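Here's the structure, in structure tokens; my notes come after.
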Amino acid sequence: MEKKTIGSFLSALRKAAGMTQKDLAELLHVSDKAISRWERDECAPDLALIPVIAEVFNVTCDELLRGGRCSPSDSEPAPAAAAKAEKQRQWILKKTLSQYKSRTLLAAATSMLGLIAAAAATEGFYQRTLGFWLGAAFVLLGVVFQIVFWNSAWLSLSDETLDSAAIGPWKYRVLRLTEFSLGFSLCLLGVIWGYAGNGLMAWSNVLYQALIVSLSYVRTLYWAVGILTGGILVLFSLLLCHFLNPWLLKRGVFSLEEAQAQALLRNRRRKNRAALVFLVLVTVTAAIQAAATLLWTPAKMMHGTVYDQEAEFVAAVEERWWQDEKPLTAAELQQLVLQSSDGTKIRPVSSYGSTTTITNSEGETVCSFSVQNHKICFLRYNPDSETIFPIEVITFDDARRALDLAQLRSEIFLGIYVLEGLAVVVWYILGKRRKKAL
């Protein structure tokens with residue numbers, strides 16, 4: 001007895017209708033080679049074509065999936081035939097999803113070529129602008145591919161004759177794959193913009209203020225800025241999906257079994273709680289960091305050598321023990337706030353071969369000394385009507401140590417933010433596993 005399959009049944013229907021493989025291919029807008037592969041059972045038609053083929057040959061979708069006509073005496077298919085039809089349907093669904101996975105990888109690889117092109121143009125030819133536009137073009141092409149592939153897969157799963165409850169989970173898996181691919185492309189676009197585009201200039205002031213690093217150092221952080229931008233876009237895409245998927249579920253764009261739908265909504269509530277906890281932790285930490293930065297500025301953390309007498313001060317200045325110290329860069333000087341709330345005066349000294357005079361609050365000269373081919377970084381004193389002593393001499397190394405402390409403080413707070421994020425993620429994962437165990 002000949003085994004009934006979709007291919008053999010399709011071949012019999014085509015021959016009975018007097019059609020060639022080419023005629024049927026033109027009618028379905030596919031190639032005649034595709035018809036040949038279907039009839040040899042090497043593959044099956046896309047799920048979206050099943051109702052079209054059934055209508056062409058005036059058969060039902062179940063009959064086509066079973067590989068034979070239903071008996072006229074049976075209003076319902078036999079259990080074996082129904083199981084076979086369901087097996088065929090599941091096979092087509094799995095094939096559709098597997099094909100979409102392969103196409104998703106192709107779209108993601110196209111976007112990845114954008115990062116490679118941007119790096120090649122930037123590092124090989126020193127053309128950052130060209131690298132950015134090349135990279136952005138490849139990423140955009142990958143996004144277009146993904147949208148086209150998604151549309152094809154979604155249409156295959158949107159047949160009204162199919163059970164929505166059975167198709168819903170497959171639609172949800174296709175949706176999640178699409179979100180992953182588009183989020184990946186968005187991340188790559190952020191990396192390319194930060195690395196090869198104008199991202200460095202946009203982020204340099206933020207990094208300069210938040211991390212207390214010099215601008216010359218920031219300019220070596222192209223990849224870091226790119227990864228930072230890409231990470232922020234990934235967080236944005238995750239946040240968008242967090243609100244979008246439950247909304248699509250409620251709108252009936254896809255459907256899930258009751259248990260799966262409830263699990264999705266519970267997972268959303270857990271994420272909301274985790275996000276709220278993380279926001280509170282970050283807000284408190286940011287307030288502490290802002291207070292610490294305002295109370296202990298780099299200028300207040302500078303400590304040099306204090307002199308109480310004019311003779312000691314002038315002798316120390318003329319000795320010039322700091323003359324071999326490396327001067328501060330312009331960017332480092334910008335990081336020092338030269339004002340103090342307690343009325344102390346911080347005065348930079350940068351004259352060459354000239355006499356520097358220090359006056360009291362009445363404008364009278366209290367002390368003068370000659371600076372010959374060297375610099376004192378700062379003088380800190382609190383002038384009154386008679387004297388400016390005690391006076392503190394702050395050298396380049398003293399100032400640089402204060403800047404290092406300020407940078408260390410920023411790095412410590414950055415580490416705290418990371419630890420808070422990791423702690424919230426671990427708390428969320430453990431809570432999710434505990435719910436599953438129950």
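Things worth noting here:
- Condition check for GLU42 on (1) more than 19 Å from GLU63 (Cβ to Cβ); (2) among the charged types (D, E, K, R); (3) buried (at least 19 other Cβ atoms within 10 Å of the Cβ): one failure, at (3).
- Of the candidates VAL393, VAL371, VAL337, the single residue that is at pLDDT below 70 and buried (at least 17 other Cβ atoms within 10 Å of the Cβ) is VAL371.
- Taking first residues from region 263-281 that are closer than 20 Å to LEU419 by Cβ and partners that are of a type in the set (A, V, I, L, M), the Cβ contacts under 6 Å between residues at least 6 apart in sequence or on separate chains come to ALA274/VAL424; VAL277/VAL424; PHE278/VAL424.
- Taking region 237-259 as the range and being exposed (fewer than 14 other Cβ atoms within 10 Å of the Cβ) and either in contact with a Cys (Cβ under 9 Å, 6 or more places away or on another chain) or over 21 Å from LEU182 (Cα atoms) (or both) as the test, the residues that pass are LYS250, ARG251, GLY252, GLU257, GLU258, ALA259.
- Against the conditions (1) more than 34 Å from the chain's Cα centre (by Cα); (2) loosely packed, with under 12 Cβ neighbours inside 10 Å; (3) among the β-branched types (Val, Ile, Thr), THR387 satisfies every one except (2).
- Criterion (surrounded by 13 or more Cβ atoms within 10 Å (Cβ to Cβ) and small (Gly, Ala, Ser)) met by exactly one of ALA34, ALA16: ALA34
- The listed residue being in contact with a helix residue (DSSP H, G or I) (Cβ under 8 Å, 6 or more places away or on another chain), among the hydroxyl-bearing types (Ser, Thr, Tyr), assigned to a helix (DSSP H, G or I) and at pLDDT below 85, out of SER255, SER216, SER237: SER216
- Subset of region 55-70 [in contact with a helix residue (DSSP H, G or I) (Cβ under 9 Å, 6 or more places away or on another chain), part of a helix (DSSP H, G or I) and more than 18 Å from GLN90 (Cα to Cα)]: VAL56
- ARG269, sole failed condition from (1) surrounded by fewer than 16 Cβ atoms within 10 Å (Cβ to Cβ); (2) assigned to a helix (DSSP H, G or I); (3) more than 28 Å from the chain's Cα centre (by Cα): (3)
- Scan of region 75-105 for residues that are farther than 30 Å from VAL139 by Cα and modelled with pLDDT of 75 or more, ordered by number: LYS87, ARG89, GLN90, TRP91, ILE92
- Some residue of region 305-322 being surrounded by 15 or more Cβ atoms within 10 Å (Cβ to Cβ), closer than 30 Å to VAL424 by Cβ and at pLDDT 75 or above: no
- Search result, residues across region 33-74 that are of a type in the set (S, T, N, Q) and either at pLDDT below 80 or closer than 13 Å to SER11 by Cα (or both): SER36, SER71, SER73
- Of all residues in region 235-255, those satisfying the criterion of being among the hydrophobic types (A, V, I, L, M, F, W, C) and farther than 15 Å from ALA275 by Cβ are LEU244, TRP247, LEU248, LEU249, VAL253, PHE254.
The values are calculated or read from the model by the stated rules, or taken from the named source; none is laboratory data. Because the structure is a prediction, the values reported are computed rather than measured. Cβ: placed from backbone, ideal geometry, glycine included. Neighbour counts: every protein chain shown.
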